[in-house]
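Student: Below is the structure I would like to discuss, written out as structure tokens.
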Amino acid sequence: MKIAIIGSGGAGLTTAWLLEEEHDVVVYERNPTMGGHAHTVEVERDGHRHTVDDGFCWFSESMYPRYLALLKTLGVATDAVDMTASFTDVQRGKSVFMPPVGLGPVMGVVFSPFALGNLLRFAGAVKAAETIVRDHITDITCEDFLAGLSQSKRFQDEFLLPFMSAVWGCPWEQTLRSSIYPLMKYIVLHRPTAFSYYTWQVIHGGTAAYIRSLATHLEHAVVYPDTPVQSVQKTDTGFRVRSRGILTRSSWPPARATRARSSATPKASRRPKRPWPNLNITKPTWPPIATPPTCRPNAATGRWAIYVTRARAPT
């Protein structure tokens with residue numbers, strides 16, 4: 001079968017890699033480079049070069065077991081990092097550390113009605129979402145979920161809704177219309193136990209490392225960079241994809257399609273089926289960029305400030 005894939009991000013390249021052994025695969029990419037949302041920038045600081053991801057960067061085994069299995073299959077190294085979040089009401093000058101790890105933050109919660117009250121109410125909201133996450137209930141909106149909570153409207157408007165909107169990265173109105181399931185799935189699956197950090201994974205060397213690995217594993221698929229798709233048309237036998245002088249006709253069923261293979265290539269020499277092994281990642285030493293700067297609220301940015309930071313270098 002002839003297959004055209006639009007976009008050479010992680011999903012596009014993985015799809016091409018998994019299909020190229022049995023099909024003719026062409027990948028169109030509008031940008032000069034591959035990667036899409038996986039975008040790593042190199043910066044220099046104090047004479048040392050570091051990699052910084054300005055797209056996605058954090059992931060966990062509980063949320064992305066297949067993605068981590070893909071990284072292991074590709075031989076892409078990951079680092080385990082301890083994470084935390086903090087919520088700051090800029091106008092009041094008060095913050096909540098989530099979770100409060102260490103003597104200072106714990107004592108700050110104990111002696112702060114603002115922090116202690118919000119943490120307890122937040123724990124109640126997460127508890128109420130457990131059934132939604134467990135049963136994969138996706139037809140409840142955030143607005144409906146908030147309406148069913150026992151917590152006060154003030155807590156919802158001044159803490160819970162701003163927190164959810166910041167985590168989801170969208171305006172309040174859009175957050176209220178969204179399903180509560182995917183948002184609370186992140187929170188329920190990654191909530192820490194007691195006063196401890198929650199652990200996520202990052203790709204060693206930035207997300208571009210796994211894009212490079214995928215690209216080097218491609219043997220038959222053809223990738224056209226800097227080639228935006230101009231049109232996609234449905235035909236009787238498939239689709240016609242056109243882009244700046246390049247025309248691809250996808251076809252089905254497979255019996256109609258042909259694959260140009262050398263008759264001299266024995267079947268046994270072709271790459272075997274891609275395995276999906278169980279993930280078992282060790283905790284490596286974090287590179288020299290280790291200690292993150294302290295995050296402080298900026299009164300010019302608005303009332304609420306949400307920070308999700310790496311808590312400390314793993315040991």
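Student: When you check GLY55 against the structure, is it touching a His at 6+ places or on another chain (Cβ under 8 Å) and surrounded by fewer than 20 Cβ atoms within 10 Å (Cβ to Cβ), yes or no? Break it down stepwise before answering.
Tutor: On the way: touching a His at 6+ places or on another chain (Cβ under 8 Å): yes; surrounded by fewer than 20 Cβ atoms within 10 Å (Cβ to Cβ): yes.
The answer is yes for GLY55.
Student: Of all the helices (runs of 4 or more DSSP H) wholly in region 138-245, which have at least 1 residues that are modelled with pLDDT of 90 or more and in the same structural domain as GLY9 (by TED's automatic domain parsing)?
Tutor: Hits in region 138-245: 208-217.
Student: Something else now. Mind counting the residues in region 63-82 that are farther than 17 Å from ILE211 by Cβ, touching a helix residue (DSSP H, G or I) at 6+ places or on another chain (Cβ under 8 Å) and either modelled with pLDDT under 85 or crowded, with 18+ Cβ neighbours inside 10 Å (or both)?
Tutor: Residues flagged as farther than 17 Å from ILE211 by Cβ, touching a helix residue (DSSP H, G or I) at 6+ places or on another chain (Cβ under 8 Å) and either modelled with pLDDT under 85 or crowded, with 18+ Cβ neighbours inside 10 Å (or both) within region 63-82 amount to 0.
Student: Out of region 164-183, which residues are under 15 Å from the mean Cα position of the chain (by Cα) and within 20 Å of GLY148 (Cα to Cα)?
Tutor: PRO182, LEU183
Student: If you don't mind, another one. Can you name every residue in region 87-102 that is crowded, with 18+ Cβ neighbours inside 10 Å and outside any loop (DSSP other than H, G, I, E, B)?
Tutor: PHE87, THR88, ASP89, SER95, VAL96, PHE97, MET98
Student: Within region 43-52, which residues are of a type outside the set (Lys, Arg) and either surrounded by 15 or more Cβ atoms within 10 Å (Cβ to Cβ) or touching a residue at least 24 places away in the same chain (Cβ under 8 Å) (or both)?
Tutor: HIS48, HIS50, THR51, VAL52
Student: Identify the residue in region 103-137 that is among the polar types (S, T, N, Q) and part of a helix (DSSP H, G or I) and, among all such residues, is modelled with the lowest pLDDT. Break it down into steps so the answer makes sense when it comes.
Tutor: As a first pass, look at region 103-137 and keep what is among the polar types (S, T, N, Q): 112, 118, 131.
Now narrow it down to the ones that are part of a helix (DSSP H, G or I): 118, 131.
On the way: ASN118: 83, THR131: 93.
That would be ASN118.
Student: Among the numbered criteria (1) modelled with pLDDT of 90 or more; (2) farther than 28 Å from PRO182 by Cα; (3) part of a strand (DSSP E or B); (4) in contact with a Pro (Cβ under 9 Å, 6 or more places away or on another chain), which single criterion is violated by HIS50?
Tutor: Just one mismatch for HIS50, condition (1).
The values are calculated or read from the model by the stated rules, or taken from the named source; none is laboratory data. Since the model is a prediction, treat every value here as computed from it, not as a measurement. Glycine also receives a Cβ, built like all others from the backbone with ideal geometry; neighbour counts cover every protein chain displayed.
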